[in-house]
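This report concerns only the one structure given below.
No value in this document is a laboratory result; all are computed from the given coordinates. Note that the coordinates shown come from a computational prediction; the quantities given were computed from them, not determined experimentally. When we count neighbours, we look across all protein chains shown, and the Cβ atoms used for this are built from the backbone with ideal geometry, even at glycine.
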Amino acid sequence: MPSEQWTHPEPGDGPAAVAAQPSPEQVIAGLRATSEGGAELTQLLTPEGERVPSPQFDKYVDDIDDEALRGLYRDMVLVRRADREANAMQRQGQLGIWVPLLGQEAAQIGSGRALKQNDMAFPSYREHGVAYARGVDMKDLLGIFRCTDHSGWDYKAHGFHPYCIVIGNQVLNAAGYAMGQKFEGKVGDDDGEATICYFGDGATSQGDVHEGFVWAAVYDAPLVFFCQNNQWAISEPTERQSRLPLYQRARGYGFPGIRVDGNDVLACLAVSRWALDECRHGNGPVLIEAFTYRMDAHTTTDDPSRYRLSDELEEWKLKDPIERVRAFLARKGGADHDFFEQVQAEADAFAADLREYTFNMPEPPPERIFSNVYAEGNPVLEAQREEFLSYLDGFVSAGEH
């Protein structure tokens, strides 16, 4: 039995390997497929900036002309610059923690720009690029990491839910929201709604994610599961979590899965548009595995040099999501040197504005923690609030004597 059958079992290929007794060759082939893109990787733009035609997905990016592609490039450059500035501010003590997105800009901007106005996105804690694509002010994100706020944006207006720190929990929230869209008849045509939920490869080992898969599948929920496989669940590589490529897990739940080059913004945009369209028309759910790489630490409390080699990082630098778009635009005359300089200057000004805001961010009053807990007044909460403020006043009184 060929080892590849264990890695890519397809209907009609013959008898599959017995899951309980795979051969050593089958196990090795399966593990390899979790850490290499493979032949089934959907790609429209190579790391060298060359366009790859796709009969299936080209139609989903027919509207992306030079101007639109310059816009995607600008998005990624601004988001990366903001990410680097926030990372530096954490090191300077201005933020309690930061979760870098370095290297994952294409996955987030591509999928984020695929969403329509009435769609809803459920992030984890790394989706700063998706937040930007949904019109959320990046300054509102900084309050979370400065520990002064939970979220400062109107999630309904932006179609972007507050961040979720508990690993995988947002998948259940997204499944419930998407089921509601289905129950309320908001799917079935081009004007239908859809939901997208973001999580990492590590979250696929959490029970909440699998429960979300089950509920979404049973109720045909219009939900796109967007897994950013950045190869590392903190210090655990993907091959320690799964024998098979993560997108193939969808088959066990009865819905389609697809692997896309997560460093290719065009491919991420096309595949996300396709998946959202499927869900919008009542053919959901869909699992997307965006095959990318976390170029920085898991968070600013992490030291990746303790568990991964620098050679691996250098290899992925050659697949940089921004550089391939820059190379493509320059090669075809879609942008010149002045454009790239202008975008970089804009990004630097964007970062400087975030920095100025952070250094002068107002501290919320103590009673802020009781705000917006309930939609309406609650006597128990009010009593707790008064007791807490009275407790704080006791320190002020003691200091006066």
Check your understanding: Antiparallel as a % of all DSSP beta bridges within the chain, to the nearest 5?
Key -> 10 percent
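What relative contact order, as a whole-number percentage, does the stretch 65-146 give when Cα pairs under 8 Å and 6 or more residues apart are counted?
Worked out over the stretch 65-146, it gives 32 percent.
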Exercise for review: Specify the residue with the greatest mean-square fluctuation among 283, 372, 118, computed from a Gaussian network of the chain linking alpha-carbon atoms under 10 Å apart.
Suggested key: 372
Point to revise | Value of [θ]222 nm, deg cm²/dmol, for the chain, DSSP H segments ≥ 4, -39500 (n - 2.57) each, nearest 500 | key: -14000 deg cm²/dmol
Practice item. Calculate the length of the line joining the C-alpha centroid of the stretch 166-215 to that of the stretch 317-382, in whole Å. Key: 26 Å
Check your understanding: In Å, what is the Rg of the alpha-carbon atoms in the stretch 32-360, and how long is Dmax?
Key -> 18.6, 53
Revision key, fill the gap. With the 8 Å Cα cutoff and a minimum separation of six or more residues, the chain has a relative contact order in percent of 23 percent
Practice item. Can you list which of the chymotrypsin sites (Phe, Trp or Tyr not before Pro) found in the stretch 252-343 are DSSP loop residues with at most 13 other C-beta atoms within 10 Å? Key: 307
Point to revise | Gaussian network model of the chain, Cα within-10 Å springs - most flexible of 255, 213, 388 | key: 388
Review point. Roughly how big is the chain's charge dipole about its Cα centre, with Cβ charges of +1 (Lys, Arg) and -1 (Asp, Glu), in debye to the nearest 20?
Key: 560 debye
Practice item. Under 9 Å from the Cβ of residue 83, count the other residues' Cβ atoms, weight Lys and Arg +1, Asp and Glu -1, and hand me the total. Key: 0
